[in-house]
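S.K.: First the structure, then my questions, so here it is.
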Amino acid sequence: MSGGEKQALAFASVYAMNPEVYVLDEPSANLDQEATLTLERELRHIKAQGKTIIIAEHRLYYRIDLIDRAVYIDRGKVVDIYSREEFLSFSDEQRCHMGLRSLCRKSPVHIITGTESNELTVRNLSYTNKKTTVFENISFSASSGEIIGILGKNGAGKTTLMRCLAGLLKQKAGSVTFNGQILSTKKRNEICCMIMQDVNHQLFGESGWNECLLSAGEAADEAAVSAVLADFELLEYRNKHPMALSGSQKQRLAIATGVLADKKILLLDEPRRLERFNLTLSGSCAILNINSVLEADLWRRF
């Protein structure tokens with residue numbers, strides 16, 4: 001199952017137990033647009049039954065008509081508790097200052113960057129899992145500095161495509177070419193850095209700083225490491241163990257290590273917590289697996 005399908009299944013299993021109190025930690029994470037709207041309908045149904053629902057969430061737009069109160073927490077402390085009317089009265093500027101997302105689903109700003117050199121070329125890529133065809137005849141190209149969004153519903157094969165590009169899976173047919181050279185799975189693994197949906201599987205350092213040094217290699221420039229951590233608002237947490245960080249901080253740390261690894265291709269599998277950060281690339285291209293074009297604030301082409 002895909003990450004989004006697992007997330008929907010987890011909610012369904014809780015719903016089947018019919019509890020009086022639902023505590024949901026980012027229930028829309030990994031869900032595509034259709035599944036998020038289904039979640040909203042189910043939450044309306046649960047609320048109509050008189051159940052208590054507590055949601056910790058980054059996405060706000062699907063909860064506008066659901067919430068009765070909003071509890072704002074900063075650095076582990078309850079800063080304020082707002083009524084529904086008070087919370088909805090905030091301007092976008094106020095919410096941005098608080099580190100919150102917009103209440104509206106906005107179309108992303110499309111910025112054309114990069115060259116037209118097309119260093120990376122994918123031709124007719126296909127993958128079959130046993131007897132099931134996951135995707136077939138995928139073709140596209142990418143240039144240095146370009147960011148590409150891969151769109152599709154949950155279970156469409158986006159993560160499998162990313163794994164094929166990274167050399168973690170062997171395709172059934174097709175080729176991946178970089179600078180005119182056809183790449184084997186081993187060679188793709190050497191020039192690609194993939195950030196997984198669950199970054200707990202790829203954080204091994206004793207601290208955030210140590211994690212970055214491991215990725216940057218022996219010739220690590222400490223000033224460059226500090227700059228990248230600062231860009232992702234992680235510098236003050238550099239001495240913390242990665243597993244002591246929040247989910248958002250873990251994902252940002254993993255992406256920071258990907259940037260510092262300085263690979264030619266950076267693959268981000270559902271980087272859903274990057275809206276406030278400007279991902280810039282020098283000499284590399286990035287391919288993002290994203291669930292909704294409405295949340296794809298980082299892509300340049302899809």
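S.K.: In Å², what does the accessible area per residue of the chain work out to with a 1.4 Å probe?
M.R.: It amounts to 54 Å² per residue over the chain.
S.K.: Set the Förster radius R0 to 30 Å, insert the Cβ-Cβ distance between LYS131 and ASP25 as r into 1/(1 + (r/R0)^6), and round the FRET efficiency to 0.05.
M.R.: E(calc), rounded to 0.05, equals 0.25.
S.K.: Once neighbouring chains are kept in place and the probe is 1.4 Å, which whole percent of the accessible area of the chain is contributed by carbon and sulfur?
M.R.: Answer for the chain: carbon and sulfur cover 51 percent of the accessible area.
S.K.: With log10 I(q)/I(0) by the Debye sum over Cα atoms at q = 0.07 Å⁻¹ defined as stated, name the option among [x] -0.30; [y] -0.88; [z] -0.26 computed from the structure displayed.
M.R.: Of the listed options [x] -0.30; [y] -0.88; [z] -0.26, [x] comes from this structure.
S.K.: Order these peptides, 216-222, 120-126, 162-168, 31-37, by their mean beta-carbon neighbour count within 10 angstrom, highest first.
M.R.: Going by the mean number of other Cβ atoms within 10 Å, highest first, we get 162-168, 31-37, 120-126, 216-222.
S.K.: Quick one: check the C-alpha center-to-center distance for segment 175-228 versus segment 144-170, whole angstrom.
M.R.: A separation of 17 Å, based on Cα centres.
S.K.: Also, I was wondering about something else. Would you rank SER143, SER184 by solvent-accessible area, highest first, keeping every protein chain in place and using a 1.4 Å probe?
M.R.: SER184, SER143
S.K.: Here's another thing I want to ask about it. In segment 1-107, what percentage of the DSSP-assigned beta bridges are antiparallel, given to the nearest 5?
M.R.: In segment 1-107, DSSP labels about 55 percent of beta bridges as antiparallel.
S.K.: Hey, another quick one. Once a ≥ b ≥ c are taken as the square roots of the eigenvalues of the Cα gyration tensor of segment 188-267, is the result rounded (a/c under 1.5), prolate (a/b larger than b/c) or oblate (a/b not larger than b/c)?
M.R.: Because a/c hits 1.5 or more and a/b fails to exceed b/c, segment 188-267 counts as oblate.
S.K.: In addition: If you take every DSSP beta bridge whose two residues both sit in the chain, what share of them, in percent to the nearest 5, is antiparallel?
M.R.: 50 percent
S.K.: Also, quick follow-up: What aspartates and glutamates sit close enough to LYS186 to cross-link, taking a C-alpha to C-alpha distance under 19 Å and skipping anything fewer than 8 places away on the same chain?
M.R.: The qualifying aspartates and glutamates are GLU119, ASP262.
The values are calculated or read from the model by the stated rules, or taken from the named source; none is laboratory data. No experiment lies behind these values; they were computed from the predicted model shown. No Cβ is skipped: glycine too gets one built from the backbone with ideal geometry, and neighbour counts run over all protein chains shown. Remember, those area values only see protein heavy atoms, side chains included, never the ligands or the DNA or RNA. Shrake-Rupley method; radii C 1.70, N 1.55, O 1.52, S 1.80 Å.
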